[in-house]
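Notes follow the structure.
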Amino acid sequence: MILETERLNLTPLAIADSPFLYRFMSDAEVMAHWDRPAIDDPDAVDAAIAAEIAEMEAGSALYWSTRLRADGAFLGYCELVEIDRRRHQAEIGVIIDRDAWGLGYATEALAAVLAHCASPLGLKRLTARTHVGDGRAEHLLQKLGFKPGGYLNGHVGRDGERRDCRLFTFAV
Ligand SMILES: CC(C)(COP(=O)(O)OP(=O)(O)OC[C@H]1O[C@@H](n2cnc3c(N)ncnc32)[C@H](O)[C@@H]1OP(=O)(O)O)[C@@H](O)C(=O)NCCC(=O)NCCS
């Protein structure tokens, strides 16, 4: 389903978006606090997107490419993963291209996804996870009304070590 905001269009992720995703998925600074490290092989991005499209087809996740309405510029993507229809909950995430940080795009895109979670998805509770020390993401989530919860010790294995995560929750 396409989501529209004042400045943004969110469209379901498609394999044709791969070159745009490669631009930021290969950027170590953008990926510094993501569960997977920067990818330097465009074929690996193709494979990651194919897997995400399969998740959408199975109904367990939704991924949206985010573009500027004004000129179609590709800005990033939003995800709703681990969709649990029985418990009415899911996990949310967002990436924005580094050149466009600090302009309110993540706030605007996630606000549209949060509205979509209420209706038509009927979700009641969302979680988001940050890697401890990611002040930018923590600020974003709290601005949107997420409440900080506990810490998940060693939750993510990355770059040869275990990283702690912080859990945030949102009552839809
Ligand atoms: C986190 C991320 C999505 C934010 O995107 P963005 O479009 O820059 O976000 P916004 O402009 O909507 O809001 C950013 C807020 O963080 C604030 N901020 C910026 N740098 C900050 C920092 N180092 N520490 C704390 N807050 C910071 C901004 O001032 C802004 O808040 P404000 O509107 O109250 O001024 C983007 O940096 C990103 O893609 N990071 C990499 C992927 C990632 O880690 N995602 C988080 C997973 S949930």
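Here are a few things to note about the model shown:
- Relative packing of peptides 36-42, 59-65 - highest average C-beta neighbours within 10 Å first: 59-65, 36-42
- GluC sites (Glu not before Pro) within region 1-80, DSSP loop, no more than 16 other Cβ atoms inside 10 Å: Glu6, Glu29
- Inter-centroid distance (Cα atoms) of region 40-75 relative to region 145-172, Å: 23
- Mean-square fluctuations from a GNM of the chain, with a 10 angstrom spring cutoff on Cα atoms, peak among Asp99, Asp35, Asp43 at Asp99.
- Computed over the Cα atoms of the chain, the ratio of the radius of gyration to the Kirkwood radius (Rg/Rh) comes to 0.93.
- Sum of -39500 (n - 2.57) over DSSP H runs of 4+, divided by residues of the chain (222 nm, nearest 500): -8500 deg cm²/dmol
- Across region 3-171, the mean sequence separation of Cα contacts (distance under 8 Å, 6 or more residues apart), normalised by length, yields a relative contact order of 19 percent.
- Across region 138-143, rounded Karplus estimates of 3J(HN,Hα) from the backbone phi angles (6.51 cos²θ - 1.76 cosθ + 1.60, θ = phi - 60°) give 4, 5, 4, 5, 5, 4 Hz, Gly and Pro being marked x.
- Restricting region 56-119 to trypsin sites (Lys or Arg not before Pro) that sit in a DSSP loop and have at most 14 other Cβ atoms within 10 Å of their own Cβ leaves Arg69, Arg85, Arg86, Arg87.
- With a Förster radius of 30 Å applied to the beta-carbon distance between Ala47 and Met1, the computed FRET efficiency rounds to 0.75.
- Extension gain from Ala38 to Asp164, taking 0.36 nm per residue of separation minus the Cα-Cα distance: 43.5 nm
Rule-based calculations on the coordinates, nothing more; no lab input. These numbers come from a predicted model, not from an experiment. Cβ atoms come from the backbone with ideal geometry, glycine included; neighbour counts cover every protein chain shown.
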